[in-house]
Structure formats: structure tokens, C-alpha cells
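Working notes, structure below.
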Protein chains: 2
Amino acid sequence: MNSKIQIKLAPNSGFCFGVKRAISLAQEAAGSGKDIVTLGPIIHNPQVVQRLREKGVNDISNISEVVDETVIIRSHGVEKDILDLLKEKDVEVIDATCPYVAKAQELARFLSQEGYPVVIMGNADHPEVKAICSNISGKYFVLDKELILPERYYPKLGLISQTTKSLKDFQELAGKLVTYAKELRVVNTICSATSVRQQASLRLAEESDIMIVIGGRNSSNTKMLANICKNIIETQHIETAEELDEQWFDGKKKIGLTAGASTPDWIIVNIYNEINKCTGNGSPVITSIDEIPGYKE
Amino acid sequence: MNSKIQIKLAPNSGFCFGVKRAISLAQEAAGSGKDIVTLGPIIHNPQVVQRLREKGVNDISNISEVVDETVIIRSHGVEKDILDLLKEKDVEVIDATCPYVAKAQELARFLSQEGYPVVIMGNADHPEVKAICSNISGKYFVLDKELILPERYYPKLGLISQTTKSLKDFQELAGKLVTYAKELRVVNTICSATSVRQQASLRLAEESDIMIVIGGRNSSNTKMLANICKNIIETQHIETAEELDEQWFDGKKKIGLTAGASTPDWIIVNIYNEINKCTGNGSPVITSIDEIPGYKE
């Protein structure tokens, strides 16, 4: 029995509050009989988006496609001018923007109105960041953790973050930016669920021989989890059980799992069962995420 | 000639703007024929204080000693209640508070009025810090670079610094404090002359075999220079030429000098001439700090 492989899931893996809320709003709308679309994928998980499509909720990429459908604003939010266009079109809007993202948008607006050029730690191409930036009336800079700012000294600077970034990187950037401004006003907009999940994944990686990170390849927070784990131990980032490769587990005694904020429970459960099977671990097949060792620790 | 010992002084050594201003105000007052006192030493350099005493400017330690003298507020500033007492006594006051210190006091007051508990990076016993704290109406914490804060999460926190502290330590503290508050408002109150002097001293230390740091043993910024240099190379902190020990220079090829913001030129020049003499360097005796190699680089 001692030679049995240990498979553990990091606590706080999977759906966060904002994602649960968005999915639940979409499912509710799907049941209403109306024509429903989302602007872009509602969350960054292709499998969840596919299931919603099967329920009649289609994701469209351009607002010009909207005629008279009910439009769901996805969890990442949308740019201000798109909201304005939706108002013009006079269609029903269901706002599934994550409340933490909405708060970051509000803070960006506030800092800008107070005269602070705003530094956003994030990926310039990410929809959340685009939506945040659209709320800024003055100057702003989007920086990844790399510090590339015009070499000058600002009377004041604001600093916020894409909600799913690493707190450690944010702290480092704040420290660096101190030398760029007389006053630096830092508002920590990183979602605490994100930090907690990152910490839990880091701890699990430290005691594992391999980490399997589960979630959309387009999911920023899942990619961040994969990067954190890669710094510690061999790591594979997958979306579904089909991508598992038995050879990854040769000679491994401790397998760690973690999943991004947009990864649904059923995918995590599937992958856990599949690893149990392919490693010959012999643990019983489970049906709920709560049964996976580690998750409730 | 190539075996001659190199003696260099770090650029930006010695008197800063605020100290020059305070000394000049004190000398002007000394020439007025009035009875003049300073509350505490006007700057943290015993030799300068002694010279002012010889001109009739005495430093007193307690405000109760003031009868009808003109009172000079020293460069570090004084606590608010002492200013109030001086007003009550209705004596003439000459405010030689360094303008950068006055700015830090004003910012502490502002942050506190805006509802920010204020973190001051500094030494709680230093007169400048005491004066800054006396301007805060709400909660505040004085921290050295060590982070000892009640373990809780603040809705907002302000952060300023004693003007003569290390910018690097301030950056690190700002980074750490990000996890202690939703909003962290950092105002860099470190005097730029201090940062520039520290950087120049660090660079000189890196190319020297020994560093001689010149300035009052009670001078916070001089002690900081000594600490910075000690991390790089053997370092001696002295106040006057009398403390020099020939043995320090045995086998040394490159001697670096630096001096705190309250160290007068004549002490630096004396020490330079004395090192030249005791090392048998044979350089000519100089009379002005401008003639010391390195200073004007």
C-alpha cells in the first residue's frame, strides 16, 4: 500500500466567485427562452464555452453582429465604447463582469480623474486589461512585471494590477516604481482568491514530483499557475483528460494537481480519475471535486 | 610615482542644502548681537556646534531654559507642542528646519488628515522623526527597515521616510507593505541629495581598499553612509583627523573618503591632508574641498 502513488489537488483550485457568478447568470439567461449572446468567450475555458453553446448561448466576436439579442458582458468586462454602443443599440445587457474586475475599472477611473498617470501590471492584449484601460481618461502604461517606463520622474503615479496577476510580482513592481515618482499610490486589485490559489499551488508543487495544471490555454490566471509551478518542478498545462500522457508519471510518487479560476469541477474530476487509472493507482472513481485528496485541506 | 596611494573623496560629500541654510541662519543671527539659543544641536556635528558656541550660539536641551532669547529651530525641526510653547513664551523664533524635513512633516499631516495610518521609515528616537510624528493626528508606526507591523490588513496605509534613509530600504519596505493594505500611498520624502551621496559613496567603496566615513557619531545620515560602505569594504567612521590611525592604511593602495550632510568642509580637508601626511603620500597640502581628487567628478 505504501507504494501507492499520491495524487493531490491544491486547495482553492478551480472556479472562483466571479466565474461562478458569470456562469450562473449565463445559465439563467439560457433558460429564459430569449436569444442570448456573449461578447467574446464568457470565461477563458473552451470546454465551458462549448457547453453553453449547446444550451444556445453563442459567443460572438464583434458587436456589429448584435441585432436584438440579450448580450452578456463576460467576466473580464468590456471596453467603455462597447458599452456605449450597446446602449445605442438599446438591447438588453446582462453584466457578468467579475465584481473585482469592475472595482479595478472604477479605481483606474478614480486615479486618472485625480491626475495620476496609471500603471497597470498586466498583459496589454488581455480583455480585462483593455476594459480597465478604457476607463482611463489620462496617461497610462501597461507593464508586465518587466519595468519598461519612460525614464522620467513623475510627480505622481498610480499602480493597479490585472486581477489575476502574481502578488509577488506586484510587490516587486511597486518597489521599483518608488524611484519613478514623488508619490506612488498603489491599490492592490489582485483578487485574493487568485493569491490564495497561487500560494496553495506553490506549496503543493514544493512537495510534488510533477504538477498538472488544468485550465484554458487562453486563461491568464491558469498560465500564471503553470509558470509558478514550473519554477519549482516539472509541470504540464492541459485543458482536458485527453491530453494526459502516461509517460509523464513514470517513476513519480507524488502527483500534484491545480486548476485555474475558469476551470470547471467536472474537468478536474475527469482528470483525477484518468490519472488514477493510467497510473494503476487503484483508487475508486469519484464524482465530486470534494473527494479529491488535498482539496479540502 | 605609480606606487603613490590614491586618495579620493566621493562627489556630493559634506554639507547639503538644508545644513548650509541652517548654519547660515545661525551665523547671521550670531552677528545680530541678540541672545541666541538653538533647541538641541543645530546639526548633528559636534565640531560645528562647538564653533557656533564660540560665537555665542548655545544649544539648550529643554525649552524651559528659554527666557527671552531668540530661538533657532534646528535643521531636524521640533515637535509641534514645542512650537506652541514657544508661541506662548512670545519669543523670536528663527526656523532653520530643512525645507525637505518641513515637507515630510506637511505630508505626514496630510496623509493623517486623509485617514491614512502613516508608516514612517526611520529611527523613533531621532529628533526629525519625533517632529514628523508630532504632526500626525491619527495612528502611526515608526519602522526601521525591519517590518514589524500589527498583523492585520488595513484599508489604506501611508508611507513616508525620515529624509536621510536609504532609498533601497524604502523601496523594499514599500514592496513588503503592499500586502498589508488595500491601498498604499507612498510618498518618497528621502532627500535626493542623500540618495545621490549614498550612491556616490557606494561606487567609491567598490573601487577602494578602505573607506573613511567622516561625520558626527550622532548623525543618522553619516551612520547610514558607514553602514553602506561596511557592506562593501573595511570602513572607519571618524569625526576628526585626530582619530586617524596610520595602521589602517598599511598595504592599502586606494583610500576612499566620504562625509555626511552635516560634516563641514574644513574637517574633510583636514582629514585629507592628514591621510596624505601619515601615508607618506607626498601630495601638496590643500585648503579647499574642491581640490580633493574625485569630489568634482
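Read the figures in this text as sums done on the coordinates, not as results from a lab. Remember, predicted model here, so these are calculated numbers, not experimental data. Virtual Cβ from ideal backbone geometry, glycine too; neighbours counted across all protein chains shown.
Using Cβ point charges alone (K and R +1, D and E -1), the dipole size of the protein assembly as shown about the Cα centre works out to roughly 240 debye.
Taken one residue at a time, the phi angles of segment B:181-194 give Karplus couplings (6.51, -1.76, 1.60, θ = phi - 60°) of 8, 5, 10, 10, 9, 9, 10, 7, 9, 6, 5, 5, 4, 5 Hz. Gly and Pro are set to x. Backbone phi angles across segment B:24-41, fed through the Karplus curve with coefficients 6.51, -1.76 and 1.60 (θ = phi - 60°), yield HN-Hα couplings of 5, 4, 5, 5, 4, 5, 4, x, 7, x, 7, 7, 10, 10, 10, 7, x, x Hz in residue order; Gly and Pro are listed as x. As a calculated quantity, the FRET efficiency between A:S24 and A:L149 at R0 = 41 Å, using C-beta atoms, amounts to about 0.55. Pair-distance distribution of the protein assembly as shown: all C-alpha pairs, bin width 10 Å, starting at 0; shares per bin in whole percent are 3, 14, 18, 18, 16, 12, 10, 7, 3, 0. Ranking B:Y116, B:L159, A:Q247 by Cα position along the charge dipole of the protein assembly as shown, where only Lys, Arg, Asp and Glu carry charges on their C-beta atoms, puts A:Q247 farthest toward the positive end.
Rounded to the nearest 10 degrees, the angle from helix A:167-177 to the longest Cα principal axis of chain A is 40 degrees.
With the simple model of a label 7 Å out from the Cα in the direction of the Cβ, A:I60 to B:D250 spans 8.8 nm. The magnitude of the dipole of chain A, with charges of +1 and -1 set on the Cβ of Lys/Arg and Asp/Glu and taken from the Cα centre, is near 960 debye. Shortest first, B:E234 label-point distances to identical copies amount to 5.3 nm, with the label point at 7 Å from Cα along Cα→Cβ. What the phi angles of segment B:267-273 give under the Karplus curve with 6.51, -1.76 and 1.60, with θ = phi - 60°, is a coupling list of 5, 5, 4, 4, 5, 4, 4 Hz, glycine and proline written as x.
Look at the dipole of the protein assembly as shown built from charges on Cβ: of A:Y180, A:L204, A:L143, the Cα furthest out on the positive end belongs to A:L204. Taking one quarter of the surface of the C-alpha convex hull of segment A:17-162 gives a mean projected area of 9.4 nm².
A Cβ-based charge dipole, computed about the Cα centre of segment B:191-258 with Lys and Arg at +1 and Asp and Glu at -1, lands at about 380 debye. Name the aspartates and glutamates eligible as straight-distance cross-link partners of A:K89: C-alpha to C-alpha under 19 Å, and not fewer than 8 places from it in the same chain. The qualifying aspartates and glutamates are A:D35, A:D59, A:E65, A:D68, A:E69, A:E79, A:D81. Which residue, chosen from A:I23, A:I233, B:Q27, occupies the Cα position most advanced towards the positive end of the dipole of the protein assembly as shown, where the dipole is computed from +1 (Lys, Arg) and -1 (Asp, Glu) charges on Cβ about the Cα centre? Of A:I23, A:I233, B:Q27, it is A:I233. Summing Lys and Arg as +1 and Asp and Glu as -1 over all other residues whose Cβ lies under 10 Å from the Cβ of A:V142 gives a net charge of -1. Which lysines have a Cα lying under 20 Å from the Cα of A:K223, excluding residues fewer than 8 positions away in the same chain? List returned: A:K8, A:K20, A:K130, A:K145, A:K165, A:K168.
Computed over chain A, relative contact order equals 22 percent, with contacts defined as Cα pairs under 8 Å that lie 6+ residues apart. Among residues of chain B, the one whose Cβ lies closest to the rotation axis carrying chain B onto chain A, together with that distance rounded to whole Å, is B:G175, 2. What the pair-distance distribution of segment A:186-281 shows, using all Cα-Cα distances binned every 5 Å from zero, is 2, 14, 25, 25, 19, 8, 3, 2, 1, 0, 0 percent.
Taking a Cβ cut-off of under 12 Å around B:I60, the surrounding Lys, Arg, Asp and Glu residues balance to a net charge of -2, with basic ones at +1 and acidic ones at -1. Only helices enter the 222 nm calculation for chain B: every DSSP H run of n ≥ 4 contributes -39,500 (n - 2.57), and dividing by all residues gives -11000 deg cm²/dmol, rounded to 500.
Annotation for segment B:154-183 versus segment B:59-99: alpha-carbon center distance of 31 Å.
Around the amide H of A:V93, modelled in the peptide plane, lie the amide H atoms of A:V71, all under 5 Å away and 5 or more residues distant in sequence or on another chain. Close amide H pairs (under 5 Å, H built 1.01 Å from N) link A:L143 with A:I120, A:M121, A:G122, residues at least 5 positions away or on another chain. P(r) for chain B, from all Cα pairs and a bin width of 10 Å, is 6, 26, 29, 23, 12, 3, 0 %, short bins first. Over segment B:155-241, the hull volume per residue, using the convex hull of the C-alpha atoms, is 93 Å³.
Report, in degrees rounded to the nearest 10, the 0 to 90 angle that the Cα long axis of helix A:99-113 makes with the longest principal axis of chain A. Helix A:99-113 and the main axis of chain A meet at about 30 degrees.
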